[in-house]
1. What does the charge add up to near R517, with Lys and Arg as +1, Asp and Glu as -1, over the other residues with Cβ less than 14 Å from its Cβ?
2. Suppose only helical runs count, i.e. DSSP H with n ≥ 4. What mean residue ellipticity at 222 nm does that imply for the chain under -39500 (n - 2.57) per run, divided by all residues and rounded to the nearest 500 deg cm²/dmol?
3. By the scheme Lys and Arg +1, Asp and Glu -1, what is the net charge of all other residues having a beta-carbon under 11 Å from that of S536?
4. Specify which labelled value, from (i) 14, 29, 30, 21, 6, 0; (ii) 16, 35, 28, 18, 4, 0; (iii) 16, 46, 31, 7, 0, agrees with P(r) over Cα pairs in 20 Å bins from 0, in percent derived from the coordinates of the model shown.
5. For the chain, calculate the relative contact order in percent as a whole number, restricting contacts to Cα pairs under 8 Å that are 6 or more residues apart.
6. Below 14 angstrom from the Cβ of R437, what's the summed charge of the other residues (Lys, Arg +1; Asp, Glu -1)?
7. State the answer as a single residue: which of I105, A632, V511 lies farthest towards the positive end of the charge dipole of the chain, with beta carbon charges of +1 for Lys and Arg and -1 for Asp and Glu, about the Cα centre.
8. For the stretch 382-530, treating each Cα as an identical point scatterer without solvent, what Debye log10 I(q)/I(0) comes out at q = 0.11, 0.21 1/Å?
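No lab work stands behind these numbers, since they all come straight from the coordinates. The structure displayed is predicted, hence computed values, not measured ones. Note that each Cβ is placed from the backbone with ideal geometry, even for glycine, and that neighbours are counted across all protein chains shown.
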Amino acid sequence: MAAAEEESGGYQQLQQRAYLYVREHAGAVAEEDLIGHVFGSSANVALWRPLLRQVMQTDGRVNLRSDGCWAVRGARPPVSSALPDSYVVVDVETTGLRPFRQRLIEVAAIRYRNGARDAVFTTLVNPGRRVPAYISKLTGIDDAQLVGAPEFQNIASDLVRFLEDDLIVGYNVGFDVGFLDAELKRSGHPGLANERLDLLPLSTQLVGGLRRSGLEAVAQGLGIAVRERHRAQADAEITALLLARLIELARERGLTSLDSVRRAAAADVPVPRRRTAVGRGRAVLDRSHLAGIPHAPGVYLMHDIHERVIYVGKAKDLRNRVSSYYSQPLGYTRKMDGLLESIARIEVVQTGSELEALLLESQLIRRHGPQFNTQQRNSESYPYVKVDVVNPWPRVTLTRHRDDDGAAYFGPFRIGRAARDVVDLINEIFPLRTCPRSFRTSRSFGSPCLQLSLGRCPGPCVGQADRDGYRQTVQDVVAFLHGGRDDVIARLHQQLVECAERFDFERAARVRDRIRRVQQLVLSQQLLDETIQRGSVAVVTPSTDAASREVLIVLGGRMWAQVRVGPEDDTSELVARLDQMWRRASSCQLPPVDQDSLDQVHILGRWLRKHAGHPSILPIRGESPDWTALLAGVRALGNDDLRVDERSSDPTRDTVATVDGAEGIC
């Protein structure tokens with residue numbers, strides 16, 4: 001009995017201590033803060049929460065609200081209690097959406113003290129680049145207005161002093177602070193450490209019936225007049241009015257402290273989908289571009305006002321793909337920065353299959369060299385790895401030209417850095433010379449370089465190297481490039497382990513990346529070898545004519561011809577065309593894979609590897625193929641037999657000529 005009374009007395013002391021703390025803090029305190037006060041500042045919240053609730057459940061003076069605060073029953077603190085004495089409302093205008101790729105063009109900050117406006121900081125900012133047309137149209141800020149404006153580095157210190165340590169308030173404030181942080185870092189200042197309050201999620205929590213989540217829509221929904229938009233100071237003023245209205249709504253919900261308001265703003269509430277055109281492709285793209293575009297595979301070409309092709313892409317569904325550009329954020333990626341604003345016309349070429357679209361896309365990229373295509377446009381720069389086997393003392397180098405000089409060439413390779421890594425790795429691991437001596441004259445001998453002293457060269461120039469041993473090393477290099485020397489990769493993995501054991505994680509990361517690039521290059525060479533050595537095949541794909549099929553004749557990893565086979569086509573005529581094609585192929589030797597044909601070989605090689613055994617791949621056997629039997633096999637295929645899963649189609653896209661008849665490439 002005594003123990004029960006003692007426990008009750010202890011609870012009463014805790015209740016009184018908790019009640020006084022809540023009353024002294026505007027009548028409402030977050031549960032975490034109350035636990036820290038009652039049980040000690042270092043109290044474990046999860047451990048003590050059940051005990052606090054057990055203690056307080058019999059105290060009729062307070063109640064636990066739905067926002068997680070303990071509050072005095074019937075207490076009505078003033079509206080201003082939810083805000084600090086001083087806070088700053090911020091808004092910015094920018095050239096795009098990505099802070100580290102785009103720049104500020106205007107910034108505004110309005111300080112409020114005790115609920116009244118105290119000071120304003122606003123200025124245009126020279127971004128040091130052209131302002132996109134859609135931004136000028138949206139904000140009214142053009143290049144001429146920004147010529148005399150200060151650069152951000154000249155206002156950075158003043159802005160930081162203005163903000164001080166005050167709470168930063170904004171609508172989607174992460175966007176504004178993200179741009180300010182990016183500009184501050186460019187100017188040599190640290191990022192902002194101020195606490196912030198975002199009104200976007202708070203409005204979705206407190207304002208019911210919202211169909212759109214933009215600042216203008218929310219303000220109008222609360223009866224706030226909007227006279228000017230998309231200028232920094234005007235938007236900051238609207239945000240300040242919205243803040244006052246939201247604080248009133250928060251008080252009605254029992255959210256009377258800044259912590260409770262911030263917790264409400266951080267709640268996981270679905271934000272209504274924004275359908276405005278601002279910042280999206282639909283703001284600059286005419287809907288007429290979609291007219292007549294089918295739901296079919298093919299290639300689309302984007303033209304500018306001068307009818308130049310500025311981008312080429314392929315799609316499994318042309319209409320869906322082109323439609324996606326209307327929701328594409330303007331300036332969101334470097335590739336898209338300026339593309340959508342430049343489109344004057346979109347042309348489409350329908351194909352029967354995605355494979356055919358891949359090949360045609362590649363051909364068109366090489367033909368037009370579009371400004372916004374980053375891959376395949378500069379195929380002439382793909383490097384080779386050259387092993388000069390005709391030299392008495394071969395060396396391994398990187399070259400962009402394949403000469404008929406008897407040397408062994410590997411590649412070409414689409415990733416120049418991987419090729420350089422492989423050449424550097426070979427020269428580190430295999431004892432071969434790296435000097436450009438010809439060894440055809442006496443002047444090539446007798447003058448050793450530093451590599452000999454470092455033990456990285458066997459010294460053929462001074463007669464130290466063993467010719468047979470050197471040739472064996474060259475053969476080992478060739479085997480490695482063909483993927484036959486796993487011990488080299490194993491040695492790199494050992495380096496990786498040693499770096500990790502030394503806690504040298506920066507070097508470990510470099511070794512890891514090097515392993516990845518070397519493996520990528522070796523696998524690329526293996527794919528080339530496999531594709532070139534693959535027997536001749538006919539790949540049957542759907543046609544744009546639903547009743548017909550396209551037959552792609554693939555020889556040596558390259559498409560030699562394309563023939564359309566329809567139900568009404570005469571078999572004897574088709575056989576004659578195929579036979580003529582075959583005789584032309586037999587009369588000339590296929591050239592080695594070069595920069596022009598590499599991407600096509602990769603496309604076909606990966607497609608054939610992925611779909612090996614598929615019924616639409618028909619082998620062409622013998623020196624005199626039975627074309628009649630092959631055509632019978634083509635016609636016997638059902639529509640289901642032509643379907644393939646293209647979800648992981650080859651991203652390496654380019655082609656050689658797509659021919660509408662039996663025409664070769666020699």
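1. +4
2. The helix contribution divided over the chain gives -13000 deg cm²/dmol.
3. That sum, taken over residues with Cβ under 11 Å, equals +2.
4. The value computed from this structure is option (i).
5. Worked out over the chain, it gives 9 percent.
6. Counting the neighbours of R437, the net charge comes to +3.
7. Working it through, the farthest residue towards the positive pole turns out to be I105.
8. Normalising to I(0) and taking log10 leaves -0.46, -1.34.
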